[in-house]
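To start, the structure under review is shown below, and the notes come after it.
A short reminder: the numbers here are calculations on the coordinates, not readings from a lab. Quick caveat: nothing in here was measured; it's all calculated off a predicted structure. Because the Cβ atoms are built from the backbone with ideal geometry, glycine has one as well, and the counts that use them run over all protein chains shown.
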Amino acid sequence: MNRARIVLATLNRGKVLEIERLLSGLAVELLTREDFETWPDMEETGATFEENARQKACTLADWSRVAALADDSGLEVDALGGRPGVRSSRYAGEEGDSQANMALLFDELKEIPDDKRQARFVCVISLCSPDGKRLEIRETCEGRITTEQRGASGFGYDPVFVPEGMDRTMAQLSLEEKNAISHRGKALRRLRSLLEKGEPAWLFV
């Protein structure tokens, strides 16, 4: 089986570390922004996680001429009708301002009791070839929103999300514990199982 090359369509170092950890030991060379002198603009204009992941992966694959892996992930809160959803990273306006995003989330949930704060993290992974072939995987992690931030690990909404069956937030878990239950961890393990079997075949040509 030929060694494959995949470029990761993210500038988030936390995501890069999670992906590198979960795909380590495979016949796959992972490339990041640091391996390129320039980098394309990859807008997220889709209405769904699938559309956004596909858009980023295919844009980068076409630009780099290397198979590209992108994920679009976010938080869906039942009491908010599924918001923030695809706008999770820019919920409060500015891209990636986690503190502002969590503050807005708390404000919108201030009248919602503990037993009505169900939520889930969603992750959609898209792997795209330079000629447009695709593989997509969707996974979730069910849980609930806290009333205060707890923990210093992770990123994004991790300090306010308690996974189902646990009493600690995502930000209070070790990376190994988080990867075992997280939406992205589940999706990457499914991807890993496929890569171990030489699938998708077009990646290893």
In a Gaussian network model over the chain where Cα atoms closer than 10 Å are linked, find which of Phe161, Phe36, Phe106 has the largest mean-square fluctuation.
Phe36
Inter-part distance where segment 75-124 and segment 126-177 are each reduced to a Cα centre, Å
13
For segment 1-94, run through the GluC sites (Glu not before Pro) and keep only the ones in DSSP coil with at most 12 other Cβ atoms within 10 Å of their Cβ.
Glu37, Glu43, Glu94
Fewest to most neighbouring Cβ within 10 Å: what's the order for Met102, Met166, Met42?
Met166, Met42, Met102
Sequence of Ile125, Ile6, Ile181 once ranked by neighbouring C-beta atoms within 10 Å, starting from the fewest
Ile181, Ile6, Ile125
Residues Arg65 and Ala27, FRET efficiency given R0 of 22 Å [Cβ-Cβ distance, rounded to 0.05]
0.65
Contour excess over end-to-end distance, with Cα ends at Asp97 and Trp202 and 0.36 nm allotted per residue
34.0 nm
Grab the beta carbon distance between Ser193 and Thr48, set R0 = 35 Å, and tell me the FRET efficiency rounded to 0.05.
0.90
Count the DSSP beta bridges whose two residues both fall in segment 4-204, then state the antiparallel fraction as a percent rounded to the nearest 5.
80
Neighbours of Lys116 by Cβ distance under 13 Å: Lys/Arg at +1, Asp/Glu at -1, summed charge -2
Relative exposure of Lys116, Lys178, judged by other C-beta atoms within 10 Å (fewest first):
Lys116, Lys178
Using a cut-off of 17 Å between alpha-carbon atoms, which aspartates and glutamates can reach Lys133, once sequence neighbours fewer than 8 places away in the same chain are excluded?
Glu50, Glu51, Asp62, Asp71, Glu199
For Leu104 and Asp78 in the same chain, what is the full-extension length gain: residue separation times 0.36 nm, less their Cα-Cα distance, in nm?
7.8 nm
